[in-house]
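See structure below.
The values are calculated or read from the model by the stated rules, or taken from the named source; none is laboratory data. Computed from a predicted model, the values in this text were never measured in an experiment. Here Cβ is always computed from backbone atoms with ideal geometry, including for glycine, and neighbour counts include all displayed protein chains. Side chains are part of the model used for accessible areas, which takes the heavy atoms of the whole protein and leaves out ligands, DNA and RNA. Shrake-Rupley method; radii C 1.70, N 1.55, O 1.52, S 1.80 Å.
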Amino acid sequence: MAMSETSRTPLPHAAPRGFLAAAASQHGGLITAFFLMALIVPFLGSYWIKNFTSMIAVAIAAQGVALLHARLGFVSLAGIAMMGVGGWFGLRLAHATGLPFEIVLVLAALCTGAAGVLLGLPALKHRGLIYALITLMFAAGFHVVVSSIGFPDGGSGFWGRIDGSAERPLMARPAIAASDLAYFLYALAIAAAAFTATHIVTKSAVGRAWAMIRAGDAVAHAAGVRIGVARAKAFGLAGALAGVGGCLLAGSIGQLDGRSFDPVQSLLLYGLVIIAGPWSLAAALIAGFLYRVFPAILDSWGVDGDIAITIFGLALIHAIVSAPRGIAGQLHDLTSAIQNRFSGVDR
């Protein structure tokens, strides 16, 4: 679908003005968020520790969705489905091999990254609505398969399923993170490493190639960028991040249920990334909070958690119409205004 390009209306995949300056100042906020979670969540009780652990897993996958949107302008509606792929590989490898959790995590990330590259192949010819529909169809297909077959649970054969009503073992956690609290801190450390690695990649030559592609294929060709290879790296990284998130989620719960990977959930995750602000380093963390913790907060207040969908819908309209940088951008502007007010700077 063609869009007119004017100086006042940026393309959806073009970075808003001031992005680099905003991103530089958001490192501190992201570090503060991780520090506060590590400090506060342990005192909230088992229920909230589990919710925040799930939030961390989703946030890692959301980072991949945000990367594809912000860096290349692609709409991926398979974020939760790719988490399911990572969880499938993690469960299958853990039950079949008994390898240490860290090795299983890396292998699951690599396998899901390869799946991400395969899912990105249509992007060589299609983008926009067509590619979004392709990813949504993948999410729907994955949901049908895992709902009918199920996730691996220690059985034999390719699918790794136990027949009958025999007891199904849980996925083994790392030896240093056997308890729920230890596992939350472990997941938090993995998330910090994943966010750091993603930031390093986006600032490297690969990230610069993505910037050229975002500016236009002609610009990228003129700069000598191999567009297909650069896009494949983006889809591979996004898939690997989803794989890490899915494997962490499987380790947290011990088992996975195919019904949790409804394609609507992938649609929801993309919408939350837009609401959070995909240009921000903290967008994925905000999206994970909105996806997993916010509905739990509503439930604890006696409010139907499904009302969150209505709230998210209104927030998405607000983000599209008047807040293209999302919650993270608005928080940055508010913080800057407060700092300027107290420093006596007149904007």
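Under the condition of being surrounded by 18 or more Cβ atoms within 10 Å (Cβ to Cβ) and either among the β-branched types (V, I, T) or within 19 Å of the chain's Cα centre (by Cα) (or both), the residues counted in region 114-137 number 10. Of the listed requirements (1) among the acidic types (D, E); (2) at pLDDT below 90; (3) open to solvent by 30 Å² or more (accessible area, probe 1.4 Å), D180 misses just one: (2). Against the criterion of being closer than 26 Å to I49 by Cβ and open to solvent by 30 Å² or more (accessible area, probe 1.4 Å), A140 does not qualify. Which residue pairs have Cβ atoms under 9 Å apart, sit 6 or more places apart or on different chains, and have a first residue in region 76-97 that is free of Cβ contacts under 8 Å to residues at least 24 places away in the same chain and a second that is part of a loop (DSSP other than H, G, I, E, B) and open to solvent by 10 Å² or more (accessible area, probe 1.4 Å)? Correct list of pairs: L93/L99. A search for C-beta distances below 6 Å between a residue of region 107-135 that is closer than 17 Å to L248 by Cβ and any residue that is open to solvent by 70 Å² or more (accessible area, probe 1.4 Å) and outside any helix (DSSP H, G or I), counting only pairs 6+ apart in sequence or on different chains, returns nothing. Considering the conditions (1) modelled with pLDDT of 90 or more; (2) open to solvent by less than 10 Å² (accessible area, probe 1.4 Å); (3) among the hydrophobic types (A, V, I, L, M, F, W, C), A70 is excluded by exactly one of them, (1).
Within region 316-330, track down each residue that is open to solvent by less than 80 Å² (accessible area, probe 1.4 Å), more than 19 Å from the chain's Cα centre (by Cα) and among the hydrophobic types (A, V, I, L, M, F, W, C). Within region 316-330, just A323 meets the criteria. Within region 173-191, residues that are within 19 Å of G98 (Cα to Cα) and touching a residue at least 60 places away in the same chain (Cβ under 8 Å) reach partners that are open to solvent by 10 Å² or more (accessible area, probe 1.4 Å) and of a type in the set (D, E) with beta carbons closer than 7 Å, at six or more positions or on different chains, in the pairs P174/E102. Residues of region 94-130 being of a type in the set (G, A, S) and not in a helix (DSSP H, G or I), which ones? Within region 94-130, G98, G128 qualify. Each residue in region 73-108 was checked for being closer than 26 Å to A283 by Cβ, surrounded by fewer than 24 Cβ atoms within 10 Å (Cβ to Cβ) and among the small types (G, A, S), and 1 pass.
Against the condition without any contact (Cβ under 8 Å) to a residue 40 or more places away in the chain and more than 29 Å from V144 (Cα to Cα), how does L30 come out, does it pass? Here the answer is no, as L30 does not meet what is asked.
Only one of (1) in contact with an Asp or Glu (Cβ under 9 Å, 6 or more places away or on another chain); (2) closer than 17 Å to S252 by Cα is not met by D180, so which one is it? D180 satisfies all of (1) in contact with an Asp or Glu (Cβ under 9 Å, 6 or more places away or on another chain); (2) closer than 17 Å to S252 by Cα except (1). Are any residues in region 207-222 open to solvent by 40 Å² or more (accessible area, probe 1.4 Å) and not basic (K, R), and if so, which ones? The answer is M212, A215, D217, A218, V219, H221, A222. Taken over region 143-165, the residue count meeting the criterion of being part of a helix (DSSP H, G or I), among the hydrophobic types (A, V, I, L, M, F, W, C) and open to solvent by 40 Å² or more (accessible area, probe 1.4 Å) is 3.
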